[in-house]
1. Working only within the stretch 85-99, note down all residues that are within 15 Å of the chain's Cα centre (by Cα) and part of a helix (DSSP H, G or I).
2. Could you list, in sequence order, all residues of the stretch 27-79 that are closer than 16 Å to residue 90 by Cβ, modelled with pLDDT under 85 and in a helix (DSSP H, G or I)?
3. When you go through 80, 74, 57, 67 one by one, which is the residue that is out of contact with any strand residue (DSSP E or B) (no Cβ under 9 Å at 6 or more places or on another chain) and surrounded by fewer than 18 Cβ atoms within 10 Å (Cβ to Cβ)?
């Protein structure tokens, strides 16, 4: 992610900024639609090393479809963050979704 001054942010700064509360409509090949600019940049710039963090940010903001997409990716990549999935407060918004219990069952929980 680049700041207006041209300074590049690492994945953890980008993750922190992905919680911003200003949505913006963007056009992308991945059909994200209405997204938050910092999260879109996190997805574009750090999709491998931050799959679980992208899911956390999406879940926290109530974007369940996007969160489950990235949880699936994190699971397939054996992301270390997945070990704490049941206790992660940033994923609490997903607990009422029927996909949550199915996802946990597939993981062996």
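1. Restricting attention to the stretch 85-99, the residues satisfying the condition of being within 15 Å of the chain's Cα centre (by Cα) are 85, 88-94.
The answer is 85, 89, 90, 91, 92, 93, 94.
2. Passing the criteria: 38, 39, 42.
3. It is 80.
The values are calculated or read from the model by the stated rules, or taken from the named source; none is laboratory data. Predicted, not measured: the structure shown is a model, and the values here were computed from it. Positions of Cβ are backbone-derived with ideal geometry, glycine not excepted, and every protein chain shown enters the neighbour counts.
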